[in-house]
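Below you'll find the structure, written out as structure tokens, and then a few comments.
The values are calculated or read from the model by the stated rules, or taken from the named source; none is laboratory data. Worth saying up front: this structure is predicted, and the values here are computed from it rather than measured. As a convention, Cβ positions derive from the backbone with ideal geometry for all residues, glycine included, and neighbour counts pool all protein chains shown. Surface areas here come from the heavy atoms of the whole protein model, side chains and all, with no ligands, DNA or RNA. Shrake-Rupley method; radii C 1.70, N 1.55, O 1.52, S 1.80 Å.
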There are 2 protein chains.
Amino acid sequence: MADRVTALAAERFPVVELHFHPQCFLSAGHFAGTDTERAAAVVEIANDASFDAVWFGRGGYGSGRIAEAALGQLTDAARAKTYLGYSDAGVLLAGLYGRGFPGVVHGPMPADINRSGGEAAVARALSYLATGAVETLEPSVASSGKVAAFNLMTFSQLIGTPLQPDLAGHVLMLEEVSEYMYRIDRSLFHVTSNPAVRQVAGIRLGRCSAIPDNDPDFGQTEVEVVQHWCAKAGIPYLGRADIGHDAANKIVPFGGLRSA
Amino acid sequence: MADRVTALAAERFPVVELHFHPQCFLSAGHFAGTDTERAAAVVEIANDASFDAVWFGRGGYGSGRIAEAALGQLTDAARAKTYLGYSDAGVLLAGLYGRGFPGVVHGPMPADINRSGGEAAVARALSYLATGAVETLEPSVASSGKVAAFNLMTFSQLIGTPLQPDLAGHVLMLEEVSEYMYRIDRSLFHVTSNPAVRQVAGIRLGRCSAIPDNDPDFGQTEVEVVQHWCAKAGIPYLGRADIGHDAANKIVPFGGLRSA
């Protein structure tokens, strides 16, 4: 996977020089290395001024186990760079954005190369890293002011913790994958019931893919469910967002486009 | 199911008179009736002084959709009675306990009669409702001061919402069913990262049953995982609790045993 991503970058974005930290290839039970090894790898790259960006290798689950330790060790060099990923990496994105880091970005990761059409996703991320190309962005970003994007369940499980960022006035984009409709409903109940989340400017729903069959049928679509909870919470529902666990997943720079 | 529970009650606990609200037999997609029908049923029975208890029929998912509406309509008559259930019903238990209702209880429900050995679970609940029999209680309750019990994921998805009760000084018992180890880990990260939860007197882990296989093996047991997060959070881990999604599920009266 790393070789394929490196080859794609060399061919199409030679300005980008990729370095896969050896930790990416470790294994410790569910995780790519122990918590100590994983936190040390993030901190090492983040604090090294010779790197311009930290590109999270993949999602899965594990960021929550290292977030507190890793975030506490970051220096000014770490503050100056771009952090790109999504899914479970949203835990670290949340913590970084909450600490005022300016370059926090939701978008494709190297592991997306394994998806159908995944080279386009990886190329989109590389294009954004290389030039910040506007065409890589989620279409509503340009007209939205402040924005943020998360996997729904990942965001739900940050609510009420020190990692929950202040998203007052932001358009909040949420996407989901492989969750039953009743769980999507429950997570939206959770997220929209939080008083701080009720200060967002609105919610956009990304794609909810690979939803297992509900028995009996849930009776409502994901759009009906998000509209239900937004109405209850007094949060404007702003329509769909072009993000998801798929190759079409567009780039969402937290905070939105900075004025020139 | 209702007939079997009614017959069991008539035979073994004739002092208990059961009334199944017609709403229990409705169906609307995933739910036993629309949100309006379900909230109205809870409110009707809760506010009717001729009933001594509200015994939630079953878990599943749905309490969160009616909690705000139902809780807002409860009167003093509702405050005087016992509320018994677990799993998803924990959403309502949380809200009732947070409002200072004295009779909030975690324990078996009528639907447990469908479990292997389920008659014992239902009889335990009926015995508690009939006489408050001490032998129905989770064994640590007698020596624990204030206590509360929840399904882990249900509790996780209350964190940071107005339904989250103040459990400072309580022993918090958490059980789980049918969740991957990585999700148990993630939910415990979430719960123990909440500043208010860090005020509990300690956590006891109920049974975590029907855990799907993790690929690769997660590498840690549920006890190792709860010990990990308790240590990080400065929360005493107090050992196991005799609760779970099974016929052995014991009774936990929120707040603990009241002094005589």
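Just wondering, is there one or more residues in region B:120-131 that are among the hydroxyl-bearing types (Ser, Thr, Tyr), closer than 17 Å to B:Pro236 by Cβ and touching a residue at least 40 places away in the same chain (Cβ under 8 Å)?
Checked region B:120-131: no residue is among the hydroxyl-bearing types (Ser, Thr, Tyr), closer than 17 Å to B:Pro236 by Cβ and touching a residue at least 40 places away in the same chain (Cβ under 8 Å).
Within region B:13-41, how many residues are outside any helix (DSSP H, G or I), more than 22 Å from the chain's Cα centre (by Cα) and within 14 Å of chain A (Cβ to nearest Cβ)?
Residues meeting the conditions: 5.
A:Thr136 versus (1) open to solvent by 20 Å² or more (accessible area, probe 1.4 Å); (2) touching a residue at least 40 places away in the same chain (Cβ under 8 Å); (3) not small (Gly, Ala, Ser): which is the lone unmet condition?
Failed condition: (1).
State which residue is surrounded by the most Cβ atoms within 10 Å (Cβ to Cβ) when the search covers only region A:178-190 and only residues that are more than 9 Å from every other protein chain (Cβ to nearest Cβ) and part of a helix (DSSP H, G or I).
Step by step, filter region A:178-190, then rank; the result is A:Leu188.
Hey, any hits in region B:221-240 for a residue that's more than 14 Å from chain A (Cβ to nearest Cβ), small (Gly, Ala, Ser) and open to solvent by less than 50 Å² (accessible area, probe 1.4 Å)?
Checked region B:221-240: at least one residue is more than 14 Å from chain A (Cβ to nearest Cβ), small (Gly, Ala, Ser) and open to solvent by less than 50 Å² (accessible area, probe 1.4 Å).
Report whether or not B:Ala69 is in contact (Cβ under 8 Å) with a residue 24 or more places away in the chain, within 14 Å of another protein chain (Cβ to nearest Cβ) and among the aliphatic types (A, V, I, L, M).
Taking the combined requirement at face value, the residue satisfies it.
Quick grid of which residues meet (1) under 25 Å from B:Pro139 (Cβ atoms); (2) touching a Gly at 6+ places or on another chain (Cβ under 6 Å); (3) open to solvent by less than 30 Å² (accessible area, probe 1.4 Å); (4) aliphatic (A, V, I, L, M):
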| position | (1), (2), (3), (4) |
| --- | --- |
| B:Glu17 | no, no, no, no |
| B:Val43 | no, no, yes, yes |
| B:Tyr61 | no, no, yes, no |
| B:Gly103 | yes, no, yes, no |
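Which numbered condition in (1) within 14 Å of another protein chain (Cβ to nearest Cβ); (2) without any contact (Cβ under 8 Å) to a residue 40 or more places away in the chain is the only one that B:Ala168 fails?
With (1) within 14 Å of another protein chain (Cβ to nearest Cβ); (2) without any contact (Cβ under 8 Å) to a residue 40 or more places away in the chain applied to B:Ala168, the lone miss is (1).
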